[in-house]
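What follows is a short report on a single structure.
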Amino acid sequence: MATKVLGIEIGESLIKICETNMGGSARKVTGCTMFQTPPDAVTDGEINDLEAVSAAIRENLHKAGLRNKKVIFS
């Protein structure tokens with residue numbers, strides 16, 4: 001049985017989130033969203049404003065209807 005996980009990539013200009021099935025032989029994307037990183041929140045791969053980043057992620061997960069709690073960050 002495949003397990004759904006969220007893949008979250010936090011960049012200086014964009015945050016990308018994709019929900020996919022892990023396991024089995026085929027992967028299937030079941031949802032995704034992409035949005036701008038809050039200004040000056042991430043610099044050189046380091047999160048400077050954790051509250052702003054987490055609020056943006058929470059808000060956009062809600063908008064996209066993604067509720068999975070299993071997460072992989074990159």
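Taking only Cα atoms, what is the 0 to 90° angle, nearest 10, from helix 50-64's long axis to the longest principal axis of the chain?
The helix 50-64 is inclined about 40 degrees to the chain.
Of all accessible surface on the chain at a 1.4 Å probe, what whole percent is carbon and sulfur? Mind dumping the intermediate values first?
Values: 2750 of 5230 Å².
On the chain, the fraction of accessible area on carbon and sulfur atoms equals 53 percent.
Residues of the range 1-59: accessible area per residue at 1.4 Å, in Å²? Intermediate results must be reported in sequence, preceding the final value.
On the way: 3850 Å² over 59 residues.
Per residue, the range 1-59 has an accessible area of 65 Å².
Figure the gain on full extension for Leu50 and His62 (residue separation times 0.36 nm, minus the Cα-Cα span) and round it to one decimal in nm.
Working: separation 12, 0.36 × 12 = 4.32 nm, distance 1.82 nm.
Using 0.36 nm per residue and subtracting the Cα-Cα distance, I get 2.5 nm.
Rounded to the nearest 500, what is the 222 nm mean residue ellipticity of the chain from helices alone, with -39500 (n - 2.57) per DSSP H run of 4+ residues and division by all residues?
Values: 1 runs with 15 residues, N = 74.
Rounded to the nearest 500, it is -6500 deg cm²/dmol.
Using 0.36 nm times the number of residues separating Ile8 and Gln36, minus their current alpha carbon distance, what extension gain do you get?
Details: separation 28, 0.36 × 28 = 10.08 nm, distance 1.32 nm.
Gain in length upon complete extension: 8.8 nm.
Residue by residue through the range 27-37, what is 3J(HN,Hα) from phi via Karplus (6.51 cos²θ - 1.76 cosθ + 1.60, θ = phi - 60°)? Round to whole Hz and write x for glycine and proline.
9, 9, 7, 10, x, 7, 8, 9, 8, 6, 5
The values are calculated or read from the model by the stated rules, or taken from the named source; none is laboratory data. These numbers come from a predicted model, not from an experiment. Remember, those area values only see protein heavy atoms, side chains included, never the ligands or the DNA or RNA. Shrake-Rupley method; radii C 1.70, N 1.55, O 1.52, S 1.80 Å.
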